[in-house]
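Taken together, the values in this text are just the output of simple stated rules run on the coordinates, not laboratory data. This structure is a prediction, so every number in the text was calculated from the model and none was measured. Cβ coordinates were reconstructed from backbone atoms using ideal geometry, including for glycine residues, and neighbour counts include every protein chain displayed.
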Amino acid sequence: MKSLPPVPRRPAKIYFTDFFDVTPEVLTKYGAFNISPYVDLPLFIDPFLLFTSDKLEYQGLHAEIIRYLGFLRDKSENGTINDGLLKAWYCFHEVHQNCFGFCESGNRGVGLGLGFAAALSQNLAELFKDFGKEHVTRGSHLEKLMLIRSGVGKDKISDFTTNLIKGFLVRYTEAFAKKHVPSTKRRRVSVSHVEFDYVRGAWKSDFFDLPWLNGDYILLTPEDILTKDDTWINKEDLRNDFPQIRESIENDALRAQVNHYFESALKRDKDKRGRDKDPTVKQEREAVEATLRKFPELIDYYIREKEDNGDIAVERSKRKVDEVELRFVQNISFLAQQLASYTAFYETPETTLDEARRRVEYLKHVIEDLDGYRLFYDAKGAQIEREKDLQIAFKLVCIDTPSSIDAEVNNGRGPVDFKVSRGSADKTLIEFKLASNSQLERNLRNQVEIYEKANRTPQSLKVVLFFTAAEEIKIKQALRNLKVPADAGVVLIDARRDNKPSASKA
């Protein structure tokens, strides 16, 4: 693509340091992550990092989490929790002010509802009555309550943890803001759920002097309690480590019972001769979960192994946070600087289709010609293929738009990645795909056309990102097979690393 003539312009404000007149070096020295008020970044608070930390303040936070869960356990055992108390004690809103959790459409997730509350309360009352009194592990862990039941993942654990340490996060942010953020960019606000009154059984609010932006306060989070992908104690590792957990049981009688129950719970299909087939992955997973429900004490053996390797958890989390900082802060900042060179990029086109096409074309230009492809590679140069990363990059190029740009819009036929609209009469849909997607050709044939009908708009763009020459050949052949005309709104973006002039320097 031919390079566009540069016209100087100030880069768009994206990160905390941009909005609050703070240098990245000052924020890094304080230990906080440089968040973006515009889009959630793929990081989560891991409660295990509080437990295993050498910092007494973090250990105290973890102890308070366990104290609160002990309070809930006692109430669950007494059978005194009704729906109203479930809502008050378990159902927290997402703390969107810390800008984590990977919600592409701004920073607002769904929070913790009654389904989560009921599952957690039931676990405390039935499966984990010994919570807070464990003998195998060195401590108690919130994650233990969420290892068996489905529908409770890292986002729920992080949301619950964030709410329980919200008072710390508020004070941590206030201390930084009073010293480094101009008073004109702060506001004294009332913050709810900052401390729990165990006598009254109610959460208390208080006033704080916090950074203020777009009608809401902003919270900072220390980098050393953050992780990416999953918490250290998680369901997937528990299932994968189950064979070792069974063998690690020192009590011979218990180990024999566990093995017998697991084999009886393992459903196997029959072949044509009536012989047992090897169990499927699903059948093994169901047998593992059934065994853990029958013998929940097995989870303690798994957690003890995780406790013994706490130093690995700290090292892994730091590496993952550094990766996010490189890809979503440094590389996105570079992308923003490149986009800021073109005044025409921010001019208002005639229609949403014109605007969407222009923004996609500029994103293509920066990725292909101005080293923007680096967003899709880690520090070692290995490619990271995620549609969500491409969506985050597009979210960035939509800053300062006159249109409404909504992500993950559900139109009754499923979600579409983005809808650009100016009222009901002018809407354009944008779908992002990777060329490596095995269903790409079928999606190109059917998906956006269905969305167009459901949204009653004839305007759409399909953006496909490829990483290799083979993928480029594949997508272009698919377009020929489908006889897609050149003006059909399909935009290919080349994220190859081996054909860029500066690739050897990346």
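What distance in nm lies between label points placed 7 Å from Cα along the C-beta direction at residue 122 and residue 197?
So the label points at residue 122 and residue 197 sit 3.3 nm apart.
When a/c reaches 1.5 or more, the comparison of a/b and b/c decides; with that in mind, is segment 32-94 rounded, prolate or oblate per its Cα gyration tensor?
Working: a/c = 3.87, a/b = 1.46, b/c = 2.66.
Here segment 32-94 falls in the oblate category.
Which Cα, out of 215, 180, 157, lies furthest along the positive dipole direction of segment 153-220 (beta carbon charges, K/R +1, D/E -1)?
180
Would you please classify the overall shape of segment 239-339 from the alpha carbon gyration tensor, given that a ≥ b ≥ c denote the square roots of the eigenvalues, rounded means a/c under 1.5, and beyond that prolate means a/b larger than b/c while oblate covers the rest? Show your work: numbers first, answer last.
Details: a/c = 4.73, a/b = 1.87, b/c = 2.53.
Here segment 239-339 falls in the oblate category.
If the cut-off is a Cα-Cα distance under 24 Å, which lysines reach residue 185, setting aside same-chain residues fewer than 8 apart in sequence?
Answer for residue 185, where 24 Å is the Cα cut-off: 13, 29, 166, listed by chain and number.
For the pair residue 88/residue 311, report the inter-label distance in nm, with labels modelled 7 Å from Cα in the Cβ direction.
4.7
Could you sort out which of 87/320; 75/144; 427/500; 419/462; 75/204 sit more than 24 Å apart by Cα distance in this structure? Please report the intermediate quantities before stating the final value.
Numbers: 87/320 34 Å; 75/144 18 Å; 427/500 35 Å; 419/462 12 Å; 75/204 19 Å.
As for pairs spanning more than 24 Å Cα to Cα, those are 87/320; 427/500.
Ranked highest first by average number of other Cβ atoms within 10 Å, how do 384-393, 197-206 line up?
Values: 384-393: 17.8, 197-206: 10.6.
So the order, starting with the most tightly packed, is 384-393, 197-206.
Taking a ≥ b ≥ c as the square roots of the Cα gyration tensor eigenvalues, with a/c under 1.5 meaning rounded and otherwise prolate when a/b beats b/c, else oblate, which class fits segment 157-215? Present the calculation step by step, with values, prior to reporting the outcome.
On the way: a/c = 2.40, a/b = 1.90, b/c = 1.26.
Verdict is prolate for segment 157-215.
What does the net charge come to around residue 421 if you take all other residues with beta carbon closer than 9 Å to its beta carbon, with K and R at +1 and D and E at -1? All intermediate terms of the calculation are to be shown ahead of the outcome.
Details: positive: 419, 422, 427; negative: 406, 426.
My count for the surroundings of residue 421 gives +1.
Which order do the peptides 357-369, 261-273, 488-500 come out in when sorted by mean C-beta neighbours inside 10 angstrom, highest first? Numbers along the way, then the final one.
Numbers: 357-369: 20.2, 261-273: 11.8, 488-500: 17.9.
Most protected by this proxy first, the peptides run 357-369, 488-500, 261-273.
What whole-number distance in Å separates the alpha-carbon centres of segment 228-303 and segment 10-47?
So the separation of the two Cα centres works out to 42 Å.
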